[in-house]
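Just below is one structure, and these are the notes that go with it.
Each value in this text was obtained by applying a stated rule to the coordinates, not by laboratory testing. Keep in mind that this is a model prediction, so the values were computed, not measured. Cβ placement follows ideal geometry from the backbone for every residue including glycine, while neighbour counts extend to all protein chains displayed.
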Amino acid sequence: MKETIRIAAGQGFWGDLPDAPVRQVEGGPIDYLMLDYLAEVTMSIMQKQKARDPNSGYARDFVPLMKRILPACVERGIKVTANAGGVNVRGCADAVVAVARELGLGGRVRIGIVAGDDIMSRLDEMLSRGIELRNMDTGEPLSSVRDSIQSANVYLGAAPLVEALNQGAQIVITGRATDTGLTLAPLIHEFGWAADDWNRLAAGTIAGHIIECGAQCSGGNCQYEWRSIPNLADVGFPIAEASPDGTFVITKHEGTGGRVNIPSVKEQLLYEMGDPHEYITPDCVADFTTIHLQDDGRDRVRVFGIQGRRATEFLKVSISYSAGYKAVGTLVYAWPDAYEKAQAADKILRARLDRLGLRFDHVLTEFVGANATHGPLAGEPRADAPEVQLRVGVRGQDRSAIERFTKEIAPLILTGPPAVTGFAGGRPKVEEIVAYWPALIPKSEINPKVEVLDA
Amino acid sequence: MRVQLTKLAHARSGDKGDTANVGLIALRDEGYPILVREVTAERVKQHFRGICHGDIERFELPNLGALNFLLHESLGGGGTLSLMTDAQGKTFSTALLRMQIEVSDDEARKLELN
């Protein structure tokens, strides 16, 4: 058994710095590359893509990335865990197999596939058996939006990824697996942690939580002494250097920008935190009030003391459904009296919308430069503000009403208050809203499927 | 004396649906008990009036010198439903740091706030 395993995070979300994973592979020693591609609504986008083209429905960027890094990964024995498979894990794996053969690596790479998270085709059968899939936030039963559902995927934990690694997979591709499982699975595989070793499972989960948002724990979006954080242009993405006893060090490659210190790690620990006593994943319940941090030298923070508890009997389901339409229009008003002019324009716009008899579920006006982020806490805007952006959003079920709204923004330039600009982009776009419906399902309903392909 | 929270703490915020979370972290360990005493759920509710329309929960993490707040019904429906610029609650962190709190002269001296 190795003394430590270095797991490098390469993407904090789908659309993060494209070269970050390459730099993690080339910038120094690592054992695993972990790539998180799936946000809450990503699955529904992929479901739509797959409906148009059965060969799509996964994170396409992953394939050219593998083409770039696979030779180095094979040569150095670096393994990859990625939830890049979206709603077409098999299609994604086939594309990676093709790339491996193209690179002359046929016979030298095994690719693991984790599926079984997609329950879209089983929903009616489940609902008929009384599995209500109530919304965890609102308590409503899923039947209230049944006809609008676009995707339904269970968050799988580390176990099926471990199985794929145990079968010799070097690249493990999943659909909707948890972000934390992508980090925890390699540790279970390498160190042989038991399925009920709750403290270590919690430690691996928290290591995953710290690095899953990429550079957000290594100097990016960090408030603590932000001015002095060096060279963010070349920010180093994080690496968890884990030991068999469940302790680990958060660090980054030598010579990269950014900073890993106790404040940067604390900020990330608290990101999207609920009740810190129970951070629930499919693998365990981690207790964030047991985490201890210690300075371990330059750009190194040691994490230890973590305790966890038995996992729950449920898995979380990520369901997406169509929830109407929205559009946002903006215009910029200049000094003098920029805020007053923007307010006047908003009144005129609303009077016109009223006269048209348009109905919306919600209309929101914000004044960017005055109160868009901190609302009333920002105080009364300065009378001499150099400029203020008027930003009006509408949401509703009737697409034609939203369309009509988008035609009322530009006319304000010639028919409203003066010193206005900022309409180079044309009419605002009408967006279909795909909303998120979190629910719980008994674990016994779900059987993840693991397959390992030879390239 | 009254001081702005930004002198004692840093913060990070995020979202879960229509709930914003704000993690408030003491800049120095000695500042944590002051955060516990001054930055109560009630004070935070008052601070975010007009922004947070639901309940506020507070959790203590003495091991990190930090408090975690959940601000329910704060993000205009949350996620893709929200029309807000900050639908993900990313800037609630510094919005909380605007709060004024009371510290004794002794505490101010210890934390070098003068």
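In table form, for the structure just shown:
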| read-out | value |
| --- | --- |
| Shielding by partners, peptide A:434-441 (average Cβ within 10 angstrom, other chains) | 2 |
| Chain B - mean residue ellipticity at 222 nm from DSSP helices (-39,500 (n - 2.57) per run, n ≥ 4, rounded to 500) | -5500 deg cm²/dmol |
| 15 Å beta-carbon shell around A:W226, net charge (K/R +1, D/E -1) | +3 |
| Range of Cα positions in segment A:324-387 per principal axis (Å), largest first | 36, 22, 15 |
| Angstrom value of the Kirkwood radius, inverse mean 1/r, which spans all Cα pairs in the protein assembly as shown | 25.3 |
| Test item: A:272-281 mean partner chain Cβ contacts at 10 Å | 5 |
| Estimated distance in nm for a label pair at B:K110 and A:A51, the labels positioned 7 Å out from Cα along Cα-to-Cβ | 6.1 |
| Computed helical MRE - 222 nm, chain A, DSSP H runs ≥ 4 contributing -39500 (n - 2.57), nearest 500 | -8500 deg cm²/dmol |
| Above-threshold pairs, the threshold being 20 Å between Cα atoms, out of A:K316/B:K16; A:K67/A:K449; A:K449/B:K16 | A:K67/A:K449; A:K449/B:K16 |
| Square roots of five times the Cα gyration tensor eigenvalues for segment A:18-123, Å | 26, 15, 12 |
| Inter-probe distance in nm under a simple model that places probes 7 Å from Cα toward Cβ, at A:D361 and A:K67 | 4.1 |
| Whole-number D in µm²/s for segment A:319-437 (Stokes-Einstein; Kirkwood sum over Cα pairs; 25 °C, 0.890 mPa s) | 164 |
| Average projected area [Cα convex hull, segment A:254-335], square nanometres | 11.8 |
| Candidate lysines - alpha carbon under 22 Å from A:K252, same-chain residues fewer than 8 apart omitted | A:K2, A:K79, A:K266 |
| Histogram of C-alpha separations across chain B, 5 Å bin width, % | 2, 13, 23, 23, 17, 10, 6, 3, 1, 0 |
| Farthest positive-ward along the protein assembly as shown dipole, Cα basis, beta-carbon charges - from A:G297, A:I188, A:L331 | A:L331 |
| Inter-chain shielding of B:61-67 (mean C-beta neighbours from other protein chains, 10 Å cut-off) | 6 |
